[in-house]
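These notes concern the structure reproduced below.
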Amino acid sequence: MQLSAAPYEERLTAPRSWWLISLLAGVSLALIVLPLGTLPMLGGLAVGSAAAAVVVSAYGSARIRVVGGLLIAGEARIPVTALGEVEVLDAEQARAWRTHRADPRCFMLLRAYVPGAVRVEITDPEDPTPYAFLSTREPERLAEALRAAKTAA
């Protein structure tokens with residue numbers, strides 16, 4: 001397996017404020033079970049915070065990688081030879097492509113808390129997916145890694 005010329009890896013972690021919200025979810029559960037006593041309240045705080053943290057961590061575990069001639073975005077594994085043009089989108093363009101300009105057949109790795117994105121055309125005639133929309137904090141770097149991987153392939 002040949003590595004791409006410019007390996008790229010990014011994890012779309014949840015924002016810090018979401019971790020505070022998971023703590024507040026634990027506090028809410030603790031307040032709900034407060035009439036049952038101190039020990040259930042502490043248990044509610046621990047269980048509520050942990051459960052919310054697991055949800056936040058799972059949602060923020062999406063990864064985008066360009067390695068070994070593949071674009072790996074979440075569950076999708078697309079060979080770079082099946083990719084066409086890469087378009088870097090700013091926040092306004094990304095909002096348009098994930099709302100009114102979106103094609104229902106496209107692949108989206110969407111995280112609304114990440115303002116930037118890239119839109120990658122999929123040129124494989126066997127694949128009905130017209131493009132992949134990928135939220136990314138570093139759209140220029142991802143686009144460059146994809147172009148370099150296509151050149152190397």
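The values are calculated or read from the model by the stated rules, or taken from the named source; none is laboratory data. All values derive from a computational prediction rather than experimental measurement. Positions of Cβ are backbone-derived with ideal geometry, glycine not excepted, and every protein chain shown enters the neighbour counts. Ligands, DNA and RNA are excluded from the accessible area calculation, which covers all protein heavy atoms including side chains. Shrake-Rupley method; radii C 1.70, N 1.55, O 1.52, S 1.80 Å.
Quick check: residue separation of Glu126 and Leu39 times 0.36 nm, minus the Cα distance between them. What number comes out in nm?
Working: separation 87, 0.36 × 87 = 31.32 nm, distance 5.89 nm.
Extra length from Glu126 to Leu39 when fully extended: 25.4 nm.
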Taking only the alpha-carbon positions of the range 80-146 as identical scatterers, the Debye log10 I(q)/I(0) at q = 0.14, 0.15, 0.18, 0.20 Å⁻¹ comes out as -0.36, -0.42, -0.60, -0.74
For every helix of n ≥ 4 consecutive DSSP H residues, a contribution of -39,500 (n - 2.57) applies; sum these over the chain, divide by its total residues, and give [θ] at 222 nm rounded to the nearest 500 deg cm²/dmol. -13000 deg cm²/dmol
Ranked by GNM mean-square fluctuation in the chain (Cα springs under 10 Å), the top entry among Gly69, Gly43, Gly116 is Gly43
Once the principal axes of the Cα atoms of the chain are found, what is the range along each, listed largest first in whole angstroms? 64, 38, 27
What is the helix-to-structure angle for 38-59, meaning the angle in degrees between its Cα long axis and the longest Cα principal axis of the chain, kept from 0 to 90 and rounded to the nearest 10? 10
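When the dipole is taken about the Cα centre of the chain, and only Lys, Arg (+1) and Asp, Glu (-1) are charged at their Cβ, what size is it in debye, to the nearest 20? Spell out each step's value before the answer.
Details: 15 positive and 15 negative charges, 88 e Å.
Its charge dipole is roughly 420 debye.
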If I build a Gaussian network model for the chain, linking alpha-carbon pairs within less than 10 angstrom, which residue out of Glu138, Glu75, Glu126 has the largest mean-square fluctuation? Glu126
Nearest 10 degrees, 0 to 90: helix 16-33 Cα axis against the chain principal axis: 30
Cα extents of the range 8-87 per principal axis, largest first, Å, are 62, 18, 14
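Heavy-atom accessible area per residue, the chain, 1.4 Å probe: how many Å²?
Details: 8690 Å² over 153 residues.
About 57 Å² of surface per residue is accessible.
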Where the accessible area of the chain is counted over protein heavy atoms with a 1.4 Å probe, how much of it, in %, is carbon and sulfur? 61
Whole-Å distance, taken between Cα centres, linking the range 129-147 and the range 40-60: 33
